[in-house]
Amino acid sequence: MSTAQRYLDSFPPGIEEFPIEGLDVLDVPLHSAFLATSPAHPGGSGLGYGATREEARTGALGEMAEMALSIRAHAGLDRVHGSYRELARTEGRDRVADPRTLCLEAGSSYDDDRPLQWLPMSRTRDGEQVLVPAELVVSAPEELPGDPPPGGWLTTVITNGQGAAFDADRAVTHAVLELLQRDGNATAFRALDQGVVVDLAGLRDPDALALLDRLDAAGIDVLVKLASTEHGVVDVYAVGCSRDGSEPAPMMVTACGEAASPDRDAAVRKALYEFAAARSRKAFMHGPLDAVTAATPPGYLDQWLHGHPPERMVEEDRALQAMLGWTRLGTDRLTDLLRGSVLAQRSTVALTDLPTRSGDPVATLTAEGLDVLVDLQPSQGEAVAAKVLVPGLEAETMSYGRIGERGVRRLLDRGEAAGGAPGAGLAVVGADPGGWARVHLTAEAEDRLGGPAWFDRAGADRAVGELYALYREPGRHVAALAVAS
C-alpha cells in the first residue's frame, strides 16, 4: 500500500486532492489536498511538493494530517487555568514550562502572576507530563474555543513544530527538524539575510543535481544559502529569480525553500525542491484567480471559496496589505526590493565543508540539555501527528517580536562582526536605550548575558519594511479576491 493511501485510510472519505499544474515553466510537482470539516472529523488542508508526483501527493496529505489531527486532538480538551507561579507551586517547577524560556514577545505584559491557560505535553527524556501555555501547544486559533485568559493569549498561534508520519518517532523527528530550521534562520534570512552562499561543488544527490540543471535551462538563477550548522543539522534555504524577469506572477520572485537535516545533501535537496515548487505555490495562493482556475480542476475555486476547511494561517491585515503591495510593484521592482537582502551575496562557504551525519536530532538536543516536549495526535487509522516544543529554541522574531536568550546573543554577535552584519544594533544588554522592549528572560539567562536585554521592535519593523509578506502570508486566494473586488 502506498504512503498516500495510508494517509487516506486514516481519515473519513471525501478528501479532495489534485495536482496544481501550468503556473510556472518549471512545473515541479505541486499537489493540493483538503478535507472539509464535518461532524465526523475536523477539516484540514495541505500543499505538497517533491521530485515526483507521488512525493508531492504524500507531502500534501501529510500537511493536511498535521492540521486536521491537531484540531481533532484539542477539540473539547479541558485546559488548566492558573499562573506560572501558582502551578509551579502546586505541580512542581519541573512539571510546568517557564514561559520566559518559550520565546515571548519582547515588551509584552507578562509576569509570573499572569493568569494563563495550559495544556499538557510529554517530556521525551523521562516521559513526564509538563504543562505548557495552550497557545504554544495548538496550531490554529480554532483549537482554543471559549474565552481567552483575562490578559489575552501570550502570542499569535503558529504552526511551527508539526510533523506527521505512521509512527510517533518519525512524526516527532519531522517536527523537531522544522523547529531547528526556523530557529536557525529566525534572524539569518529574509530582511536580515546574512548573504552566506553555499558553493554546491561536491553535491551528490541526483534529484538535486537534476533540478539545478532544469533551473539553469529555464533561465532561473538560484542561490542556496547557509543559515546555521547548530545542533547537529545543516540549516539552508534557497532563493532566486529568472534572469529576464519573466515570472508570470510578481510574487514568484519571493519564492524560498527551507530545510534542516543532519545530512547536508538532503537539506540542499529539500530546499531546492521547496524553492522550485514555491514559485507555483505563491502564484496559486496569491496570484490571479483566472490563472488558478486554469491550473485546477473544474469547480475547485467555487468550492474552496464557499466551503473550504479552516486556513493554516491566521488572517492578518498587515500580511494582506504587504502581499497587495507586491502585486502592485510588478516583477522588476519587486526583484529590486530583494537585491539588498534576500538576493544578497556577501560570502561563500563550500558545501563539502559543512557537516554531514545521520544523527538523531532529538537525542542531540537532549544531550545538549534541552527538553523536547511532545503532544502526540493520533488518527482513526495509522497516521499520527506531533506538535513539538523545545524551550530555548526561537522563531518569529522579525514578525511578532518573539525573542529570547539565543536571539539576543545572535544579534549581539552581529555587532561584533566587521562592519556590522544585518541585524546589528537590534538588541542590547544593560540599561534601556529608551523606548525599546524588554526581553522576557529568566534570572539565569540575564546573568549569562550580563544583565537585562532589550529589543528594538521599531527598528525591526523598519528593517522588515515592505518585506513583511516574506514572514506571514494571507490565506489561500485572499489577496486575489481583494484585487478582484
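Taking every alpha-carbon pair under 8 Å whose residues sit at least 6 apart, region 144-222 reaches a relative contact order of 14 percent. Consider the candidate values (i) -0.69, -0.97, -1.24; (ii) -0.60, -0.93, -1.37; (iii) -0.80, -0.97, -1.12; state which one is log10 I(q)/I(0) by the Debye sum over Cα atoms at q = 0.09, 0.11, 0.13 Å⁻¹ computed from the structure displayed. Entry (ii). In terms of the mean number of neighbouring beta-carbon atoms within 10 Å, the peptides 233-239, 110-116 order highest first as 233-239, 110-116.
A dipole drawn for the chain from +1 and -1 charges on Cβ atoms has a positive end, and of Val28, Leu8, Gly202 the residue lying farthest that way is Gly202. Mean residue ellipticity, 222 nm, helices only, the chain: the sum of -39500 (n - 2.57) across DSSP H runs of n ≥ 4, divided by residue count and rounded to 500, is -10500 deg cm²/dmol. Residue by residue, region 139-156 carries 3J(HN,Hα) couplings of 10, 8, x, 5, 7, 10, x, x, 6, x, x, x, x, x, 6, 5, 7, 5 Hz when phi is fed to the Karplus relation 6.51 cos²θ - 1.76 cosθ + 1.60 (θ = phi - 60°); x denotes Gly or Pro.
Rounded to the nearest 20, the size of the Cβ-charge dipole of region 184-360 about its Cα centre is 200 debye, with Lys and Arg at +1 and Asp and Glu at -1. When peptides 295-301, 26-32 are sorted by average Cβ neighbour count within 10 Å, with the highest value leading, the order is 26-32, 295-301. Counted as membrane-span-like here are DSSP H helices of the chain whose alpha-carbon atoms extend 30 Å or more along the helix's own axis and whose Kyte-Doolittle mean is -0.5 or above; these are 53-74, 264-286. Based on alpha-carbon atoms, the Kirkwood radius and the radius of gyration of region 164-236 give Rg/Rh equal to 1.04. Semi-axes of the equivalent ellipsoid for region 3-76, computed as √(5λ) from the eigenvalues of its C-alpha gyration tensor and ordered from largest down, come to 24, 11, 10 Å.
Calculated from the alpha-carbon coordinates, region 397-464 shows an Rg and a Dmax of 11.2, 32 Å respectively.
Packing here is the average count of other Cβ atoms within 10 Å per residue, and on that basis the peptides 367-373, 452-458, highest first, run 452-458, 367-373. Charge tally around Gln377: other residues with Cβ under 12 Å, Lys/Arg +1 each, Asp/Glu -1 each, net -1.
Pairs of Cα atoms nearer than 8 Å and 6+ residues apart set the relative contact order; for the chain it is 21 percent.
Ratio of Rg to Rh for region 434-485: 1.26 [Cα atoms; Kirkwood radius as inverse mean 1/r over pairs].
Per-residue extension of 0.36 nm, minus the Cα-Cα distance of Glu416 and Val25, leaves a gain of 136.4 nm for this segment. A simple charge model with +1 on the Cβ of Lys and Arg, -1 on the Cβ of Asp and Glu and nothing else charged puts the dipole of region 11-77 at about 320 debye relative to its Cα centre. Counting every other Cβ atom within 10 Å of each residue's Cβ, Thr348, Thr254 order from fewest to most as Thr348, Thr254. From largest to smallest, the equivalent ellipsoid semi-axes obtained for region 92-149 from the alpha-carbon gyration tensor read 20, 16, 11 Å. Mind checking which of Ile158, Ala75, Leu449 is farthest towards the positive end of the chain's charge dipole, using Cβ charges of +1 (Lys, Arg) and -1 (Asp, Glu) about the Cα centre? The Cα lying farthest towards the positive end belongs to Leu449. Using only side-chain charges placed at the Cβ, +1 for Lys and Arg and -1 for Asp and Glu, the dipole size of the chain relative to its Cα centre rounds to 520 debye.
Available extension along the chain between Arg448 and Asp213 is 79.8 nm, counting 0.36 nm per residue and deducting the alpha carbon span.
Exposure proxy shown here: for Met285, Met64, the number of other Cβ atoms within 10 Å sets the order, fewest to most, as Met285, Met64. Under the rule a/c < 1.5 gives rounded, and otherwise a/b versus b/c splits prolate from oblate, where does region 184-360 land using the Cα gyration tensor? Prolate shape, in that a/c is at least 1.5 and a/b is the bigger ratio.
Under the shape rule built on the C-alpha gyration tensor, where the axes satisfy a ≥ b ≥ c, region 86-196 is oblate, since a/c reaches at least 1.5 while a/b does not exceed b/c. When the Cα positions of Gly434, Leu412, Gly401 are compared along the charge dipole of region 397-464, Gly401 comes out farthest toward the positive end, with charges on each C-beta of Lys, Arg, Asp and Glu.
Rule-based calculations on the coordinates, nothing more; no lab input. All values reported here derive from a predicted model rather than from experimental measurement. Reconstructed Cβ throughout: ideal geometry from the backbone, glycine too, with neighbour counts over all protein chains shown.
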